[in-house]
Structure formats: structure tokens, C-alpha cells
Amino acid sequence: MALGLTGYVVLAIILLTVAAFFMARSRAKSTAGGDIRLLHSLPNYYGYNAAMFAAVPAFGVLMIWLLAQPMIIENSVFKLIPERIVSEGSSRGLVMSDVRRVAEGLDIAVAQGALTDDEADNIRTEFKDVRSILGSVGVALGSNVEPEVLYAAQQYRAKSETGTFWMSVAVVALAALGAALAIFVTNADFRARNTVERGALALLILAASLAILTTVGIVLSMLFESINFFRLHPWTDFFFGGSWAPNFRGDSDLSILPLLWGTLYISVIALLVAVPIGLFAAIYLSEYAGPKTRSAAKPLLEILAGIPTIVYGLFALLTVGPALVSIFGRGEAGLLGVDWMSGATAVLTAGLVMGIMLIPFVSSLSDDIINAVPQSMRDGSFGLGATHSETIRQVVLPAALPGIVGAVLLAASRAIGETMIVVLGAGAIAKFSLNPLEAMTTITTRIVSQLTGDTDFASPETLVAFALGLTLFVLTLGLNVLALYIVRKYREQYE
Amino acid sequence: MNDMRILERDVDTNTIKIAARGVQVYYGDNHAIKDVDVDIQDKTVTAFIGPSGCGKSTFLRCLNRMNDTIDVCRVEGDIHIDGEDIYDKRVDPVQLRAKVGMVFQKPNPFPKSIYDNVAYGPRIHGLAKNKAELDEIVENALRRAAIWSEVKDRLTAPGTGLSGGQQQRLCIARAVATEPEVLLMDEPCSALDPIATAQVEELIDELRQNYSVVIVTHSMQQAARVSQKTAFFHLGNLVEYGETGNIFTNPEDPRTESYITGRIG
Ligand SMILES: Nc1ncnc2c1ncn2[C@@H]1O[C@H](COP(=O)(O)OP(=O)(O)OP(=O)(O)O)[C@@H](O)[C@H]1O
Ligand SMILES: [Mg+2]
């Protein structure tokens, strides 16, 4: 496959980088007169330094350019679209995406030889059926191409082409300049090792800040969409309303409270399952199990943590739910002869399965924490004639308690954010009810359902998903911060 | 004062509390205690001395089966307390440890209040019938361990918040509160100032009226001051065992002599 211009630019930078490496290295050697002990750094460092100067600024500019160019061009092309063709019920954004699509189609057509470059630039809808030409190369368009759209698309292509040309020139020049500079400063006294060290540091900082910046970006995008939502929908209804009844024709009740109730109810059931079982498993593994049992049981328990949550969801829907129904439902045919539960999806179903999912989470965290309790503490208790379980109950667990609380809070924040199990196991009815055998719904399932299907990102019924997501985020973030604070405080106690 | 000591020594009974025969301890492949025979008398303070790493703590831990809690540790030989083999299958190590108390080399208070630390043993063993009795046991134990005046106003404060020396005395109080018959003390005074040391030594002397006390110490003076019998360990062997006076004034083994005079260890 032929490379695009950008591909050649990348290739050129790589070649320049490699060349810079070898040139700087040999120059360093020759300035030392062949005796590398006279150099400040090992010869390879001069090479790395030059390679760094050649590659990093060039790739950096390349990346920024590639990101910025389409935005700038779109802005200028945007103005070319006359008001007339923005038809009823559509928006400029939609027309703009048509423009982009036509431009792409023209590119493909040229690449496949259906059009020459010249034709692509000068083609007119008046003379040729652009839609069918593009259709023949596999780009299907929804309607006939308006002349203005075609013109805008051609402008788009032309500007992209010039932009890419100048980008190539700038980037390759920058790479050459960087390489030349680095080679020029190379001499026996140049501290290449230190420069490379700083380069490595910068790389690490970049990685760390990327992670943080993306988080900030995610939060900001959620925040903006949430603000859009609150412009369209009263915040009092969202936070204090009593019902959740989205209605895509508008005028919906969108209150988080019934969803929050479902979320918390299911999470509490999950924790009631996971905390005792997980904790007891951890106590057994860390206090009683021999090394052999431990090395076998621990990985087995942790396999639970590796099961995808959708599988748990299926388990809830197909196994646990029906089993519960056969106990609590079906009237006379059921195990208890009662008719309390009608469908497989219920708070209890989702809660039980989510609890199972959280067991390894609780147990492996608690296990670490229990192991961190110093042996001398246990010795002290044994030395006073306490039995093993007395020691655990009265000395080990109290000592580990803050850490265990932290682990439980972390588990709670996972339970609150869990999606697939509740999508399949909890049902879709938003309501306040204390009956665990009824179907209820959670924040996460409502986010999924508000965003699937036909969505219009200007209606409160869709945007509410972001407000829900943000609330969920704040909730779990708060829990995590609290948990980490407690766990850290507990660590200090023994260090 | 010295004369009085000698007088007391004569008064002491000669009943044997702990009899150890052919004790071997291994940590994995490391042979830490080699064929030790020793008789520890009742109502007597016995001091274990010897260079660091010679196995004093290890042997001490054999006497209340604390070595059971170390996976790699293996104990062979016979240890009898009051004529009963403590390594017998029928012996419950938990009961044994209530009878043979221990103060550890490193202070290890529980992360509980000072009061609960001391009340821990009595509560487990049901030594107090009611709250008032428990209060009394706790206060007595704290007084005997010479720490009462320092903590009487903050019994509900956490035991881990005390200074190192206070923690050690708290651990002594904790062990004393359980009313053991034998008290094993592993360097109980290593973190204490001279005044507290003197108080603890006084306590040891007092405990001797009713119990048998075994104390590990690196201080020759302390061994000479508080003990009636001294055992000198070296590289896992019990080199010499006898009357404290004899060991310090007239050691038989050249290794004992060079250790006491400061040439080994
Ligand atoms: N838990 C253990 N695991 C393995 N080896 C151990 C353990 N405890 C002690 N040992 C080994 O047993 C030997 C005796 O140790 P011990 O603690 O009894 O010495 P010690 O005489 O009490 O020394 P110190 O005066 O420094 O306290 C040492 O060689 C030590 O390395
Ligand atoms: Mg020791």
C-alpha cells in the first residue's frame, strides 16, 4: 500500500533520528580522539541525545498539527455552507458531516482511480452524478450531493492538502534542525548523560500527567454535558423529585432519588453477602490455612475476580433469578408455596450475584491487611493463653479494622458503579420499595438505557445520563477517597 | 543486704518446677538449641545469659510452647512442668500458656486501651467475677509493674501511645494480671531507665515468693542482682548452669569466664 504524505514524514523523521544517533556518537568519539574515557558520558549517550532532539520536537509538532488542522479547516469551511441548504430539522453540524463524508469519498475515489485528482477538484454536480460515482467506490450517501456541499468538500480537500504539505515541510525541517543542533553541540565536555536523564524524566512526567489529564478531561466533559442538562431541566426535580419517568416526547420526570434508592439497596445486599464471606475467607486463608492450601485457594478465589461482569449478569438472569423464583414465587408449585416473586429480575437476584462478584475483592484486600498485623501482636495474645479465635477476634481484627473498613468502602464503591449485573439482574422499574423480591433499577442501568437506541443529544432525556454519571462519579470518588484515607492512616500505625 | 540474699537462698525450696532433658530446637536446617538439660526450681529466679543469637529466646519460648506458632520451628526432647510433659499430645498449649506467662523481648501492647490490655488475660480466663474485681486486678497488676502512677489518669488511652519503656511495663502488668505460675521474661528491662529497672527488679524479687521466674538478660549486674540461678548459653549449648554466685565468682568453663569478663559476646 502506498504511504500517504504523513507516512513519508514519519519515515523521514525516523531516518533522521537514526542518522543523528550514529553521527553524534561518532562525532563524540572523534572529539575525544578515540579515547572514550575523555568523554563526559558514554558515546551512546551522545547518540541518544541527538536522537531525542531529532525525534521529540518533530513528533510533538506533528501530533499537534494533525489534531489542530482538521479543526481549523472545518471552521473555515463551515462558513461556506449557506443557510439555505441547512434544511428543516437538520443542523449545520449534520451538513458539515456530509461535507466531511463527501471529501473522504473524493479521496477514496481518487485513490481507486475512479476520478483523477484534477477531476476531483473541479467536478460539478451539474455535470456529473457525484452520488453515483462515490457510490461506485463504496461511499454511500443519503441524498444527492448539493452543489454547495460539493464545493465545500472540495475546499476542504484543497485546504487539507496545503495544510499537510506545510506540515511536512515544518516537521521534517524541525527534525533536521534538532539533529543538527544536537550534533553540533556534541563534544567531549558536553553532558549528554545528564540531558538524556532529563529527557527520561520528562517522559515519565508526561506519562503521569497524561493519566491525570484524561481523568480531568473526562470529568470536564461530564460536567459540561451535565450543565447542559440542568439548563433544560430543573435541578430541583433531578435531586429532590420523587419519580423517574422519562418520556421522549418531553416533559419527563427525571429524579435521581428512585435510582439512587435501587442502587444503594442492591449494593447493601451485595455487601451483606460479600463482607462476611470475604472476611471469613480472608481470616481462614491468612490465619489458619497452611502454605499449601493458601497457595492453592488464593488463586482460585481470585479467579472469581477475573470473570467478566457480563457473565455474572447471565448467571443472575439464568440461574440465580429462576432459583429465587422457584423458592419465593410460583404459588403452590414453589418451594415455600408463596407468591412473593414474579420475575427473575429482582433486587435480591442482582444483590446476591454482585455479592459473589465482590467476595474476592473483599477477601484479597482483607487478607493483605490481616497479614500486615504484626506477628508480635498475636504472640502477645497467645502468650497470655488466648486461643487462636480469641486472638483473631480480640486482637487481630480490632487491629485490622480500619483497613477492613477501607476494603469494604472500596467494595461498596464498586458495587455502586457496577453495571452489567444490574442491567441483566435487577430489572428496569424505578421505584421506592423495601421488598427485595421486586424488580428495581439503578443509576447505571438508566444511564445505559438513556443512551441506547435513538438518541438526541439536545434533549434532557438523553443529557440526564451525564448528570447521573457525574453524580455516580462523585459518589464513588468520595467513597474511594475516604477508603484510601482510612487505609493509609491504618498503615502509618505500624510503620 | 548481700548476707540477706544468701540467707534467702538457703530458705528456698528445692522442688523442681521445670525439667528439660535433651532439648533440641531446629529452625529449618538451623540447629538453634543443642541438647540442653536444665532443671528450673520453683520460687526461684533463673537468669539466662549469653551472647546475642545463642538461643536464649528460643529456649525460653520452648517453655510455653510459643515456638508452635513458628512454622519452620521443630522442638525435640522432653520438657516437664510439675512432672507433666508439656509436649504431650494431651496438653493444651493454650492452658499451658495461661500457666506459663511471657513478657516478650520487644514490647507488644495490643491496639486497645491500657485498661483493656491488662484486663485481656483475666477476661479470657474468667479471673474476675465482676467489674470491681477486674478493676482491682488491673490496678494491682499495674502497680506491681511500676507503671500505675504514670497511667492511672489515662486508663482509657491506647496502650500503643505509651513510650517504649512504659509499653514494656504495661506488657509486664499484662502478664502478671493473668497470675501465671511461671513467668518468662525476655529482656524485660532492655528499654527501661534505671529507676523503672529497679522497680521491675523489685517486682521480680516479689514474684519469687510465689512463682518461678525465668529472665533473659544481657546485663551481668542484673543477673547477679535478681537471680539465684544462672544459665550461660553459647552457640545453642547450655555451657554452664548453677548458683548465680558461683557462676559469677567461680565459673568452671573458660567460655563462661571470658563472657562474664567481657571477652566474648
Ligand atoms: N523465627 C525464627 N526463624 C528462624 N530462625 C530463628 C528464628 N528465631 C531465631 N532464630 C535463630 O535461632 C538462633 C537463636 O536465636 P534467639 O532469638 O534464640 O537468640 P537470643 O539468644 O535470644 O539472641 P538475642 O540476645 O539477640 O535476643 C539464631 O541463630 C536465630 O537466627
Ligand atoms: Mg532474644
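We did not get these values from a lab; they are worked out from the coordinates using the rules stated. As the structure is a computational prediction, the values presented were derived from the model and not from experiment. Glycine also receives a Cβ, built like all others from the backbone with ideal geometry; neighbour counts cover every protein chain displayed.
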State the answer as a single residue: which of B:Val100, B:Gln24, B:Val72 lies farthest towards the positive end of the charge dipole of the stretch B:16-111, with beta carbon charges of +1 for Lys and Arg and -1 for Asp and Glu, about the Cα centre. B:Val100
Intensity falloff of the stretch A:327-396 expressed as log10 I(q)/I(0), Debye formula with alpha-carbon point scatterers, at q = 0.14, 0.17, 0.25 Å⁻¹: -0.65, -0.72, -1.03
Any aspartates and glutamates with Cα under 16 Å of the B:Lys152 Cα? List them, leaving off those in the same chain fewer than 8 positions away. B:Asp116, B:Asp135, B:Glu136, B:Glu139
If you find the alpha carbon centre of the stretch B:150-171 and of the stretch B:52-94, how far apart are they in angstrom? 30 Å
Efficiency of FRET from Cβ geometry, A:Ser221 and A:Leu434, R₀ 41 Å, rounded to 0.05: 0.65
How big is the Rg/Rh ratio for the stretch A:244-494, C-alpha atoms only, Rh by Kirkwood, two decimals? 1.06
In chain A, lysine pairs closer than 28 Å at Cα, eight or more apart or cross-chain: 4
Going by how many other beta carbons lie within 10 Å of each one, how would you line up B:Lys89, B:Lys131, B:Lys17, fewest first? B:Lys89, B:Lys131, B:Lys17
First measure r as the distance between the Cβ atoms of A:Ser136 and A:His40, then evaluate 1/(1 + (r/R0)^6) with R0 = 41 Å and state the FRET efficiency to the nearest 0.05. 0.05
Let me check I have the definition right: for the stretch A:2-190, take the eigenvalues of the Cα gyration tensor, multiply each by 5, take square roots. What are those semi-axes in whole Å, largest first? 50, 16, 11
Between A:Arg124 and A:Val405, with labels modelled 7 Å along Cα→Cβ, what's the label distance in nm to one decimal, could you check? 8.0 nm
Excluding residues on the same chain fewer than 8 positions from B:Lys99, give the aspartates and glutamates whose Cα lies under 12 Å from its Cα. B:Asp82, B:Glu179, B:Glu181
Volume per residue, Å³, of the convex hull around the alpha-carbon atoms of the protein assembly as shown? 290 Å³
Listing A:Ser41, B:Ser163 by rising number of other beta-carbon atoms within 10 angstrom, fewest first, gives B:Ser163, A:Ser41
Checking the cross-link filter: which lysines have an alpha carbon closer than 24 Å to that of B:Lys34, excluding same-chain neighbours under 8 positions apart? B:Lys17, B:Lys56, B:Lys89, B:Lys229
Using the Kirkwood formula over every pair of different C-alpha atoms, what hydrodynamic radius in Å results for the stretch A:47-125? 15.8 Å
Simple label model, 7 Å out from Cα along Cβ direction - A:Ser449 to A:Tyr485, nm: 3.5 nm
Mean separation of Cα contacts under 8 Å, 6 or more apart, over the residue count of the stretch A:244-494: relative contact order %: 27 percent
How many angstrom lie between the C-alpha centres of the stretch A:381-419 and the stretch B:233-249? 46 Å
Assuming R0 = 56 Å, can you tell me the calculated FRET efficiency for the pair A:Ala12 and A:Leu94, based on Cβ-Cβ distance, to the nearest 0.05? 0.90
Among all helices in chain A defined by DSSP H, which have a length of 24 Å or more along the axis from Cα atoms plus a Kyte-Doolittle mean of at least -0.5? A:5-31, A:43-78, A:92-112, A:147-185, A:192-232, A:257-283, A:347-372, A:397-417, A:460-493
Here, A:Ala297 and B:Asp78, labelled 7 Å along Cα→Cβ, have an inter-label distance in nm of 3.8 nm
Counting only Cα atoms, I'd like the Rg/Rh figure for the stretch B:156-232, Kirkwood definition for Rh. 0.96
Run a plain Debye calculation on chain B (Cα atoms as equal point scatterers, no solvent) and give log10 I(q)/I(0) at q = 0.13, 0.16 Å⁻¹, rounded to two decimals, same order as the q list. -0.85, -1.27
